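The values are calculated or read from the model by the stated rules, or taken from the named source; none is laboratory data. Just so it is clear, the structure is predicted and the values come from calculations on it, not from any experiment. FYI the Cβ positions are ideal-geometry reconstructions off the backbone, even for glycines, and counts take in every protein chain you see.
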Amino acid sequence: MWAADGSVKQCKAMRTGNARMPTHIVIAGAGPAALVALCELGRTPANARITLLTRSPHTHYSGMVPGWIEGIYPADAIRVPLAPFCARHEVDLVVGEAREADGERLVLTDGRSLSFDTLIVNSGGETRRAGPLAAPSVIPGRPLEGVVERLGPHLQTAASFAVIGAGAAGVEVAFALRARRPDAAVTLIERAAILPDFPAAFRARILARLAACAIDLRLGTVTECAPGAVMLGAERVPADIVLAFTGPAPGAFVAHTPFAKAADGFLAVGPDMRSLSHPNVFAAGDVATNADDPRPKSGVFSVRSGPHLAATIEAIAAHRPPPAARLQRHGLVLLSTGGRRAIGTRNGIALEGRLVWRLKDRIDRAFVRRLTTD
């Protein structure tokens, strides 16, 4: 609970037989890495107190949002309530949003402050929006809570949708909209080639599926978001609802910290996820960039960093040096294409169909079940 001076009261007594005050670890952001790490730990390590700061009392699992758009999953199936999650794992929950930080405390947007011995940032990123995409009518793909809240009321009524950004997330959302609304116009817009980092066989299947689903793929740059349309130069594309999946950008909070930044604006970390400028600050998932060993900004790699983050928390609690991360570079990618179908790729091989979707569905449901029942 909050003390009168705005600091957080210590909620746990010192462990019996240990005179050392518990190390207060604050995790800023309920990203997949943090949640997986807390599941791996099971309970807060001895000699530590963990506080999770999150802007919402629940979080959504990104892998199932397209299925929610399509109508396969109800909203409750893709949502993880954080109060019971934190109670199971002996973690203090603070609902609020960080505005700025120094090496000892976070300042929240409502004026409260939260001190820490160690800070772990797992706040993800925001959608990169510039020029016309900064218009208030555009729904950014991040944070996910905004997509669910703002898109939901229009899923059954809008006559046309435009999805800007043909990365994996944008492609999945376009397919989901087409499956949900076969009577609506769905346009997918990208400045250049779609999915450039994926194998050629995978891209070819996606392009064929887009054509089969009558999703209009347009290559070009959006120059204006006008009422009921987006403009590609002089060309008008109908769009009652515009969604932007134009890649991640660091949140405003990151810019208001003294922590070292990488060239992409995200927090610069070393192989042990530690800030290059502040030894008591760590970052995991999309918000972190290790320039010497970069990974894509995607939920898949954030999830994979969870077990390593758990080991890091254990080391911090025991006052040991944190281990170096050894994260996978490649893995199975499953992309839903609507109609309970999906395309998967690994090691350059692409497979497609209903069985691929069933595999994705099974993995996604198991992940959410772990976060809601462990």
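Checked across region 255-263, the condition of being modelled with pLDDT under 95 and either among the hydroxyl-bearing types (Ser, Thr, Tyr) or touching a Leu at 6+ places or on another chain (Cβ under 7 Å) (or both) holds for no residue.
Of a type outside the set (S, T, N, Q), in contact with a helix residue (DSSP H, G or I) (Cβ under 6 Å, 6 or more places away or on another chain), without any contact (Cβ under 8 Å) to a residue 12 or more places away in the chain and not assigned by TED's automatic domain parsing to the domain that holds Pro279: does that describe Tyr61? Taking the combined requirement at face value, the residue does not satisfy it.
The residues in region 134-151 that are in contact (Cβ under 8 Å) with a residue 40 or more places away in the chain and not hydrophobic (A, V, I, L, M, F, W, C) can be counted, and the count is 6.
With respect to (1) touching a residue at least 40 places away in the same chain (Cβ under 8 Å); (2) small (Gly, Ala, Ser); (3) not in a loop (DSSP other than H, G, I, E, B), the lone exception for Ala83 is condition (1). Among the residues of region 237-253, those that are touching a strand residue (DSSP E or B) at 6+ places or on another chain (Cβ under 6 Å) and not in a loop (DSSP other than H, G, I, E, B) comprise Val237, Pro238, Ile241, Val242, Leu243, Ala244, Ala249, Phe253.
Residues are listed down the side, and each one gets a yes or a no for (1) out of contact with any Leu (no Cβ under 6 Å at 6 or more places or on another chain); (2) in the same structural domain as Phe259 (by TED's automatic domain parsing); (3) farther than 18 Å from Ala317 by Cβ:
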site: Cys86; (1), (2), (3): no, no, no
site: Glu90; (1), (2), (3): yes, no, no
site: Glu100; (1), (2), (3): yes, yes, yes
site: Gly103; (1), (2), (3): yes, yes, yes
site: Leu114; (1), (2), (3): no, yes, yes
site: Thr118; (1), (2), (3): yes, yes, no
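What about Val171, is it touching a residue at least 24 places away in the same chain (Cβ under 8 Å), within 22 Å of Asp240 (Cα to Cα) and in a strand (DSSP E or B)? Here the answer is no, as Val171 does not meet what is asked. Selection over region 191-210 of residues that are more than 14 Å from Glu172 (Cα to Cα) and not small (Gly, Ala, Ser) gives a count of 5. Mind listing whichever residues of region 224-276 are in the same structural domain as Leu177 (by TED's automatic domain parsing) and among the charged types (D, E, K, R)? Answer for region 224-276, where residues must be in the same structural domain as Leu177 (by TED's automatic domain parsing) and among the charged types (D, E, K, R): Glu224, Glu235, Arg236, Asp240.
The set of residues from region 348-370 being small (Gly, Ala, Ser) and farther than 21 Å from Arg203 by Cα comprises just one member, Ala366. Of the residues making up region 74-113, those that are among the charged types (D, E, K, R) and under 29 Å from Met64 (Cβ atoms) number 6. Region 269-374 holds strands (runs of 3 or more DSSP E) entirely within its bounds, and those carrying 2 or more residues that are under 20 Å from the mean Cα position of the chain (by Cα) map to 281-283, 333-338. Report, by residue number, each residue of region 211-228 that is without any contact (Cβ under 8 Å) to a residue 60 or more places away in the chain and under 18 Å from Gly170 (Cα atoms). Answer for region 211-228, where residues must be without any contact (Cβ under 8 Å) to a residue 60 or more places away in the chain and under 18 Å from Gly170 (Cα atoms): Ala211, Ala212, Ala214, Ile215, Asp216, Leu217, Arg218, Leu219, Gly220, Thr221. When Asp117 is tested against (1) at pLDDT 95 or above; (2) under 23 Å from the mean Cα position of the chain (by Cα), exactly one condition is not met: (2). When the residues of region 174-203 are filtered to those that are part of a helix (DSSP H, G or I) and free of Cβ contacts under 8 Å to residues at least 60 places away in the same chain, the one that is farthest from Val242 (Cα to Cα) is Ala200.
Condition check ((1) modelled with pLDDT under 95; (2) in the same structural domain as Phe282 (by TED's automatic domain parsing)) across all residues:
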site	(1), (2)
Ser298	yes, yes
Thr312	no, yes
Pro323	yes, no
His330	yes, no
Arg341	no, no
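Evaluating Val148 against the criteria (1) within 24 Å of Gly220 (Cα to Cα); (2) under 21 Å from the mean Cα position of the chain (by Cα); (3) of a type in the set (A, V, I, L, M, F, W, C) leaves one unmet condition, (1). Only one entry of Ala158, Ala166, Ala162 meets the criterion of being in a loop (DSSP other than H, G, I, E, B), hydrophobic (A, V, I, L, M, F, W, C) and buried (at least 24 other Cβ atoms within 10 Å of the Cβ), and that entry is Ala166. Would you call Ala315 of a type in the set (A, V, I, L, M, F, W, C) and either in contact with a strand residue (DSSP E or B) (Cβ under 7 Å, 6 or more places away or on another chain) or within 19 Å of Phe266 (Cβ to Cβ) (or both)? Considered against the rule, which asks whether it is of a type in the set (A, V, I, L, M, F, W, C) and either in contact with a strand residue (DSSP E or B) (Cβ under 7 Å, 6 or more places away or on another chain) or within 19 Å of Phe266 (Cβ to Cβ) (or both), Ala315 comes out as no.
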